[in-house]
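A short write-up of the structure that comes next.
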Amino acid sequence: VPGTPELPIAEYCNDGSLLAYGNGRSYGDSCLNSGGFLLDTAQLNHFMAFDEATGVLRCESGARFNDILNLCVPRGWCLPVLPGTQYLTVGGAIANDVHGKNHHSDGTFGCFVICFELLRSDGSRLRCSAQQNTELFEASIGGLGLTGLILWAEVQLIPLSSPKITVTTKTFSTVEEFVQLSDASAHSSRYSVAWLDCMPSNVDKLKGLFYEGNHDRQDAPASLKTFRLQPPRLNIPVNMPSMMLNRHTVSLFNLYYFHRNKTNGSDQQQSFSTFFYPLDGITNWNRIYGRRGFFQIQLVVPEKSIETIKEILRLLSKTGMASFLAVLKKFGDKKSPGLLSFPREGICLALDITNRGDKSLRLLDQIETLVLEGEGAVYPAKDRHMSAMAFRNYFPLHERFVQYIDPAFESDFWLRVSGR
Ligand SMILES: Cc1cc2nc3c(=O)[nH]c(=O)nc-3n(C[C@H](O)[C@H](O)[C@H](O)COP(=O)(O)OP(=O)(O)OC[C@H]3O[C@@H](n4cnc5c(N)ncnc54)[C@H](O)[C@@H]3O)c2cc1C
């Protein structure tokens, strides 16, 4: 916090490397540091200033999105970018330059970061913004926590008419149709996302649901004043037996989901929590994948490589590697300030792949080959397998980025992709 004495961060450096830890909501190993220390930011969670006239919030980096939303929405302001969980921190959101269902209209979280203070391992505290320490600012947005510890940040919030969302659901059966629906709604809908059954018998007969949404304009301001995020409704108390998860059970679930949620195109009103955070409604949802867990992978390819998406769907279907939640989203062209930011214009696919050991790793290798051929990229926040060669291809500005890494900072992800 400004004005407090220097933090003794450098004292740890002789005993091992350092890495900031937000709330561990990254799926892969970018938030892990097996060879050193994690700097847990859970206590660094205070609000510092909020200007209700301009919507500028200053808070410590460990402040979580759910707490910020419960504070700001009743005052008519919303976080500008909402990923699929509310349990992440501001520091984690900056370090992964997170995106949400509004990427096509607003870009990434980094586009709304006004400034932050970065603590380096030598004890120096640098204020970074588009005007001050600019290169460090750009390296830290999407910088995977490797440039130092963000202490606090100032973020521009967006005004909110209502927390309720008016949602229209449409079906699609090909990836081309999904692209058409995305393009048609890009200017009229702030949010859009699609779900699909990713074990189709035929990629030209998909079961896909396209959701487009806007904040309700009719709703009275009363719903803002009384806003609270809904608590989880369900808990998965134990790991499910892995034999329950196979091609047949997943297909059955996906069929049920498709028919339950498809509508005839009429509008529906959804609560904030239902629309933005369906998974947060189930505590320990990851236990559905059993003791061995799963790999999540999220990739993006330019639209000209639409065939790559289809090829990956064919591969998933052929291998029968079950995935409930396959999500498709079309990213827009708004550039992020981050040197290593993942989102870029194109078609984005996110998948869960059950952990079946070598079989799953082989599938991830095959997906990597396809993404490289398609000139796309994989999201580091949702990865624990990408090769050093793939990383260099996915992130062409990595050579500029490495100059800004704090020499005492390290992560398991970075050890792997930097080939050390
Ligand atoms: C259900 C679910 C849905 C998700 N949906 C999306 C989505 O739609 N879009 C999306 O982009 N992501 C999504 N994610 C991923 C998640 O939003 C990101 O991984 C996010 O960065 C996690 O934040 P965290 O605070 O838990 O940070 P962690 O996972 O703990 O850390 C993430 C990175 O941030 C760094 N870091 C954390 N705090 C600081 C700090 N104070 N200073 C410097 N570096 C720091 C860490 O070192 C690490 O590199 C989802 C995750 C889940 C579980």
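The values are calculated or read from the model by the stated rules, or taken from the named source; none is laboratory data. Because the structure is predicted, anything quoted here is derived from the model rather than measured. Cβ coordinates were reconstructed from backbone atoms using ideal geometry, including for glycine residues, and neighbour counts include every protein chain displayed.
Counting just the residues of the range 46-62 that are surrounded by 17 or more Cβ atoms within 10 Å (Cβ to Cβ) and over 11 Å from Gln156 (Cα atoms), which one comes out farthest from the ligand (Cβ to nearest atom)?
Restricting attention to the range 46-62, the residues satisfying the condition of being surrounded by 17 or more Cβ atoms within 10 Å (Cβ to Cβ) are 50, 55, 57-62.
Narrowing further to those that are over 11 Å from Gln156 (Cα atoms): 59-62.
Working: Cys59: 11, Glu60: 8, Ser61: 3, Gly62: 7 Å.
Applying the filter and picking the extreme gives Cys59.
Val193: within 16 Å of the ligand (Cβ to nearest atom), in a strand (DSSP E or B) and over 29 Å from Trp285 (Cα atoms), yes or no? Walk me through it before giving the result.
Numbers: within 16 Å of the ligand (Cβ to nearest atom): yes; in a strand (DSSP E or B): yes; over 29 Å from Trp285 (Cα atoms): no.
Judged against the criteria, Val193 is not a match.
Taking the range 247-278 on its own, how many of its residues are part of a helix (DSSP H, G or I) and surrounded by 14 or more Cβ atoms within 10 Å (Cβ to Cβ)? So that I can check it myself, show each step before the final result.
Step one: of the range 247-278, the residues part of a helix (DSSP H, G or I) are 247-261, 272-276.
With the extra rule that they be surrounded by 14 or more Cβ atoms within 10 Å (Cβ to Cβ), the set shrinks to 250-251, 253-254, 257-258, 272-276.
Adding up the residues that qualify gives 11.
Modelled with pLDDT under 85 and not basic (Lys, Arg), is that true of Tyr211? Reasoning before the result, please.
Details: modelled with pLDDT under 85: no; not basic (Lys, Arg): yes.
The answer is no for Tyr211.
Considering only the range 144-163, state which residues are within 16 Å of the ligand (Cβ to nearest atom) and closer than 14 Å to Val90 by Cβ.
If the condition is that a residue be within 16 Å of the ligand (Cβ to nearest atom) and closer than 14 Å to Val90 by Cβ, then Gly145, Leu149, Ile150, Leu151, Trp152, Ala153, Glu154, Val155 are the ones that fit.
Being in contact (Cβ under 8 Å) with a residue 24 or more places away in the chain and among the aromatic types (Phe, Trp, Tyr) is the filter here, so list the residues in the range 225-261 that pass it.
Within the range 225-261, Phe227, Phe253, Tyr257, Phe258 meet the criteria.
Mind listing whichever residues of the range 74-125 are under 14 Å from Gly142 (Cα atoms) and among the charged types (D, E, K, R)?
Across the range 74-125, the qualifying residue is only Asp97.
Going by what's in this entry, would Ile141 be described as among the β-branched types (Val, Ile, Thr), surrounded by fewer than 23 Cβ atoms within 10 Å (Cβ to Cβ) and either touching a residue at least 24 places away in the same chain (Cβ under 8 Å) or touching a Cys at 6+ places or on another chain (Cβ under 7 Å) (or both)? If you could, list the steps in order and put the result at the bottom.
Working: among the β-branched types (Val, Ile, Thr): yes; surrounded by fewer than 23 Cβ atoms within 10 Å (Cβ to Cβ): no; either touching a residue at least 24 places away in the same chain (Cβ under 8 Å) or touching a Cys at 6+ places or on another chain (Cβ under 7 Å) (or both): yes.
Against the criterion (among the β-branched types (Val, Ile, Thr), surrounded by fewer than 23 Cβ atoms within 10 Å (Cβ to Cβ) and either touching a residue at least 24 places away in the same chain (Cβ under 8 Å) or touching a Cys at 6+ places or on another chain (Cβ under 7 Å) (or both)), Ile141 does not qualify.
Please determine, by comparing only the residues of the range 35-45 that are free of Cβ contacts under 8 Å to residues at least 24 places away in the same chain and in a loop (DSSP other than H, G, I, E, B), which one is nearest to the ligand (Cβ to nearest atom). Full working, then the answer.
Within the range 35-45, the first condition is being free of Cβ contacts under 8 Å to residues at least 24 places away in the same chain, and the residues that meet it are 38, 40, 42-43.
If we keep only those that are in a loop (DSSP other than H, G, I, E, B) as well, we get 42-43.
Numbers: Ala42: 10, Gln43: 12 Å.
Only one residue fits best here, namely Ala42.
Give the number of residues within the range 94-107 that are under 20 Å from Pro159 (Cα atoms) and near the ligand (Cβ under 6 Å from one of its atoms).
Quick first cut of the range 94-107, residues under 20 Å from Pro159 (Cα atoms) only: 98-107.
Now restrict to residues that are near the ligand (Cβ under 6 Å from one of its atoms): 98-100.
Qualifying residue count, the range 94-107: 3.
Is it the case, given these coordinates, that Lys359 is buried (at least 17 other Cβ atoms within 10 Å of the Cβ) and of a type in the set (Lys, Arg)? Spell out how you get there, then give the answer.
Numbers: buried (at least 17 other Cβ atoms within 10 Å of the Cβ): no; of a type in the set (Lys, Arg): yes.
No.
When the residues of the range 257-307 are narrowed to those that are at pLDDT 90 or above and β-branched (Val, Ile, Thr), which ends up farthest from the chain's Cα centre (by Cα)?
Ile306
Restricting the range 8-34 to residues that are within 14 Å of the ligand (Cβ to nearest atom) and more than 25 Å from the chain's Cα centre (by Cα), which is modelled with the lowest pLDDT? Lay out the reasoning, then the answer.
Residues of the range 8-34 within 14 Å of the ligand (Cβ to nearest atom): 9, 17-34.
Filter again for more than 25 Å from the chain's Cα centre (by Cα), leaving 9, 17.
Numbers: Ile9: 74, Ser17: 93.
Residue satisfying both the conditions and the ranking: Ile9.
State which residue is surrounded by the most Cβ atoms within 10 Å (Cβ to Cβ) when the search covers only the range 16-45 and only residues that are of a type in the set (S, T, N, Q) and more than 15 Å from Gly148 (Cα to Cα).
Among those residues, the one meeting the criterion is Ser26.
In the set Ser173, Ser188, Ser201, Ser121, which member is within 16 Å of the ligand (Cβ to nearest atom) and of a type outside the set (A, V, I, L, M, F, W, C)?
Within the list Ser173, Ser188, Ser201, Ser121, the selection yields Ser121.
Given (1) modelled with pLDDT of 95 or more; (2) in a helix (DSSP H, G or I), where does Ser317 come up short, assuming only one miss?
(1)
Return a yes/no flag: does the range 258-274 have any residue that is within 16 Å of the ligand (Cβ to nearest atom) and within 18 Å of Ala326 (Cα to Cα).
Restricting attention to the range 258-274, the residues satisfying the condition of being within 16 Å of the ligand (Cβ to nearest atom) are 272-274.
Pick out the ones that are also within 18 Å of Ala326 (Cα to Cα) and you get 274.
Within the range 258-274 (the criterion being within 16 Å of the ligand (Cβ to nearest atom) and within 18 Å of Ala326 (Cα to Cα)), the answer is yes, since at least one residue qualifies.
Scan the range 70-93 residue by residue and report those that are closer than 20 Å to Ser26 by Cα, of a type in the set (A, V, I, L, M, F, W, C) and more than 11 Å from the chain's Cα centre (by Cα). It would help to see each step written out before you state the result.
Quick first cut of the range 70-93, residues closer than 20 Å to Ser26 by Cα only: 79-93.
Filter once more, keeping what is of a type in the set (A, V, I, L, M, F, W, C): 79, 81-82, 88, 90, 93.
Answer for the range 70-93, where residues must be closer than 20 Å to Ser26 by Cα, of a type in the set (A, V, I, L, M, F, W, C) and more than 11 Å from the chain's Cα centre (by Cα): Leu79, Val90.
Do any residues in the range 400-415 that are more than 10 Å from Leu32 (Cα to Cα) have Cβ atoms under 9 Å from those of residues that are among the charged types (D, E, K, R) and not in a loop (DSSP other than H, G, I, E, B), where the two are at least six apart or on different chains, and which pairs are they?
Arg400/Glu135; Arg400/Glu138; Phe401/Glu138; Gln403/Glu135; Tyr404/Glu135; Tyr404/Glu138
Pick from Ser140, Ser161, Ser182: which is under 29 Å from Asn261 (Cα atoms), modelled with pLDDT of 95 or more and hydroxyl-bearing (Ser, Thr, Tyr)? Show your work before the answer.
Numbers: Ser140 fails: under 29 Å from Asn261 (Cα atoms); Ser161 fails: modelled with pLDDT of 95 or more.
From the options Ser140, Ser161, Ser182, the qualifying one is Ser182.
Going by the conditions given, is Leu88 closer than 25 Å to Leu19 by Cβ, within 13 Å of the ligand (Cβ to nearest atom), in contact with a Cys (Cβ under 9 Å, 6 or more places away or on another chain) and not small (Gly, Ala, Ser)? Working first, answer last.
Details: closer than 25 Å to Leu19 by Cβ: yes; within 13 Å of the ligand (Cβ to nearest atom): yes; in contact with a Cys (Cβ under 9 Å, 6 or more places away or on another chain): no; not small (Gly, Ala, Ser): yes.
In short, no.
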